[in-house]
Amino acid sequence: MDQLRIYIYRTKRFLSLVKWKSLIKVLGILFLLIALVGFYVDHQFDLAYDNSVHSADLQQLPFAQVAIIPGASVHGKTPSTILSDRLQCGLDLYKAGKVKKILLSGDNGQSDYNELKPMLDFMLRNQVNPEDLFVDHAGFRTLDTLIRAKEVFQVKEAIFVSQNFFLPRAIYLGLELNLTLYAYECNLRVYKKEGFYGLREFFARQLALWDIVWDTPPKYLGNPYPIEGSGVETWKGSIF
């Protein structure tokens, strides 16, 4: 009991000595500085995107080796609306002759979750030449997708297919990785969580810069599968 009283006394004495106004002021300044840095980083991503080649009209985009289509959530075997729109836009690029290959990159890290099977099924149902379809089963996030595109699939130039609120981060990472990327904005509708995605991107951009500064590696690399060849070999393990 005496020890408890001593502890309470010392705690009260310590709190009485703290200069709360000064502490709150310092914390406020620190918060403001962190916020300013965050907004500066965010602006750098937007600036990189503004200076990039990007369009919602595929006819305005240049020709490239491949269309990179990142995964998004699936519900069983059904792609989400965001993923469905990416797949349709990627198919449009291929049918228009803007790209010769399609790289499907998504999350297949768990036995009960597979983004890639519905993506591949969509392309095959729409008569894409199987040899032109490459599957990246370790595209857990945009950084992994782009590093693996460059190192595993030996991509030098690509059209990245996604919604416009995700694209600045991909373009910025491409610049940092010395990978030539053009952006195809596939906003085919208004999405339910656009406000949430915008907020999430603010923090995702901070993490992306951290990854670049610290040279964060992808979770997996693996054997090379040159994009100029046949992609059928890449289906194994993640699809069948």
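Past 31 Å, Cα to Cα: identify those pairs from Lys77/Lys150; Lys156/Lys193; Lys100/Lys193, in the order given. Before the final figure, lay out each step's value.
On the way: Lys77/Lys150 29 Å; Lys156/Lys193 33 Å; Lys100/Lys193 33 Å.
Result: Lys156/Lys193; Lys100/Lys193 exceed 31 Å.
Tell me which residues come under 5 Å, amide H to amide H, from Ala183 once H is placed; ignore anything under 5 positions away on its chain.
Val53, His54, Ser55, Phe160
Please compute the modelled spin-label separation between Gln3 and Lys25, points set 7 Å along Cα→Cβ, answer in nm with one decimal.
With each label placed 7 Å out from Cα toward Cβ, I get 4.0 nm.
Please give the helix 167-176 orientation as an angle from the longest Cα principal axis of the chain, in degrees from 0 to 90, rounded to the nearest 10.
The answer is roughly 90 degrees.
Give the percent of DSSP beta bridges with both residues in region 21-141 that are antiparallel, rounded to the nearest 5. Walk me through the numbers before you get to the answer.
Details: 4 of 14 bridges.
Counting only bridges with both partners in region 21-141, antiparallel ones make up about 30 percent.
Under the Karplus relation 6.51 cos²θ - 1.76 cosθ + 1.60, θ = phi - 60°, what is the ordered set of whole-Hz ³J(HN,Hα) values for region 39-49, x standing for Gly and Pro?
Residue by residue, region 39-49 yields 5, 5, 4, 4, 5, 5, 5, 5, 5, 4, 5 Hz.
Can you tell me, using C-alpha contacts under 8 Å and at least 6 residues apart, the relative contact order of the chain as a whole percent? All intermediate terms of the calculation are to be shown ahead of the outcome.
Values: 356 pairs, mean separation 57.6, N = 240.
Once normalised by length, the contact order is 24 percent.
Enumerate the calculated ³J(HN,Hα) couplings along region 186-192 in order (Karplus 6.51 cos²θ - 1.76 cosθ + 1.60, θ = phi - 60°), each rounded to whole Hz, writing x wherever the residue is Gly or Pro.
Calculated HN-Hα couplings, in order: 10, 7, 8, 6, 8, 9, 4 Hz.
Determine, for each peptide in 207-217, 188-198, 79-89, the mean count of other beta carbons within 10 angstrom over its residues, then list the peptides with the highest first. Don't skip to the answer; put the middle values down first.
On the way: 207-217: 13.6, 188-198: 11.6, 79-89: 20.8.
Going by the mean number of other Cβ atoms within 10 Å, highest first, we get 79-89, 207-217, 188-198.
For region 154-240, build the charge dipole from Cβ charges (+1 Lys, Arg; -1 Asp, Glu) around the Cα centre, then report which of Gln163, Gly174, Asn223 sits farthest towards its positive end.
Result: Gln163.
For the charge dipole of the chain, defined by +1 on Lys and Arg C-beta atoms and -1 on Asp and Glu C-beta atoms about the Cα centroid, which residue among Phe45, Ala56, Gly198 has the Cα displaced farthest towards the positive pole?
Towards the positive end, the residue furthest out is Gly198.
Quick check on the chain: helices-only [θ] at 222 nm, where DSSP H runs of length 4 and up contribute -39,500 (n - 2.57) each and the sum goes over total residues. Nearest 500, please. Each step should come with its number before you reach the end.
Numbers: 7 runs with 112 residues, N = 240.
Roughly -15500 deg cm²/dmol at 222 nm, from the helical runs in the chain.
Gap in Å between the Cα centre of region 98-129 and the Cα centre of region 142-198?
Computed from Cα coordinates, the inter-centre distance equals 16 Å.
Can you give the angle from 0 to 90° between the axis of helix 81-95 and the longest principal axis of the chain, with both taken from C-alpha atoms, to the nearest 10?
40
With axes computed from alpha carbons, what is the tilt in degrees of helix 116-125 against the longest principal axis of the chain, rounded to the nearest 10 within 0 to 90?
With both axes taken from Cα atoms, the answer is about 30 degrees.
Using θ = phi - 60° and the Karplus relation 6.51 cos²θ - 1.76 cosθ + 1.60, list the HN-Hα couplings for region 141-158 in order, rounded to whole Hz, with x at every Gly or Pro.
So the J values, rounded to whole Hz, are 8, 4, 4, 4, 4, 6, 5, 5, 4, 6, 8, 8, 9, 6, 7, 10, 8, 8.
If you take Rg and Dmax of the Cα atoms in Å from the coordinates, which of [x] 16.7, 50; [y] 23.1, 83; [z] 17.5, 55 do you get?
Comparing each candidate, only [y] matches the computed number.
Would you grab the residues whose amide H sits under 5 Å from the one on Ser105? Only those 5+ places off in sequence or on another chain, please, with H modelled 1.01 Å from N.
Sorted by chain and number, the residues that satisfy this are Ile69, Gly71, Asp136.
Do any trypsin sites (Lys or Arg not before Pro) in region 200-240 lie in a loop, going by DSSP, with at most 11 other beta-carbon atoms within 10 Å of their beta carbon, and if so which? Don't skip to the answer; put the middle values down first.
Details: sites: Arg200, Arg205, Lys219, Lys236; in loops: Lys219, Lys236.
Passing sites in region 200-240 are Lys236.
With labels modelled as points extended 7 Å from the Cα through the Cβ direction, what inter-label distance (nm, one decimal) is found for Lys236 paired with Glu131?
Result: 1.8 nm between the two label points.
Every number in this text was worked out from the coordinates using simple rules, so none of it is lab data. Just so you know, these numbers come straight off a predicted model, no measurement behind them. Note that we place each Cβ from the backbone using ideal geometry, even for glycine, and neighbour counts take in every protein chain shown.
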